[in-house]
Amino acid sequence: MAHPVKLRVIAGVPKDCNFWLEHDSWNGVCEELAVTVRGSSFEDAKRKMEASLQAHIENVLRKLLRKGGKRVA
């Protein structure tokens with residue numbers, strides 16, 4: 001009999017975001033999910049957007065699991 005291996009898998013979800021330079025900092029927005037960030041460089045803003053989107057999606061999934069008590073695949 002095979003033994004299961006439990007591990008965390010992080011799946012990226014592509015989202016369209018807009019970034020622009022304003023007053024020496026980079027701003028970013030994902031309008032669909034109402035997520036905004038500000039970074040010192042484009043790369044910093046992009047990193048912050050990725051982290052913010054990941055946190056937002058995890059939060060939504062946690063809320064769904066609490067409401068329904070069901071696992072989301």
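The values are calculated or read from the model by the stated rules, or taken from the named source; none is laboratory data. Not measured: the values here are computed from a predicted model. All Cβ positions, glycine included, derive from the backbone under ideal geometry; neighbour counts span all protein chains shown. The area values use the complete protein model at the heavy-atom level, side chains included, leaving out ligands, DNA and RNA. Shrake-Rupley method; radii C 1.70, N 1.55, O 1.52, S 1.80 Å.
Remarks
- Failed criterion for K67 (all others in (1) loosely packed, with under 10 Cβ neighbours inside 10 Å; (2) outside any loop (DSSP other than H, G, I, E, B); (3) touching a Cys at 6+ places or on another chain (Cβ under 9 Å) hold): (3)
- Screening the candidates E50, E43 for the property of being over 12 Å from the mean Cα position of the chain (by Cα), modelled with pLDDT of 90 or more, of a type in the set (D, E) and not in a loop (DSSP other than H, G, I, E, B) yields one hit, E43.
- In the stretch 23-48, the residues that are among the acidic types (D, E) and open to solvent by less than 80 Å² (accessible area, probe 1.4 Å): D44
- The set of residues from the stretch 31-40 being in a helix (DSSP H, G or I) and either under 10 Å from F19 (Cα atoms) or touching a helix residue (DSSP H, G or I) at 6+ places or on another chain (Cβ under 7 Å) (or both) comprises just one member, L33.
- Residue among I10, I57 that alone is touching a residue at least 12 places away in the same chain (Cβ under 8 Å) and open to solvent by 80 Å² or more (accessible area, probe 1.4 Å): I10
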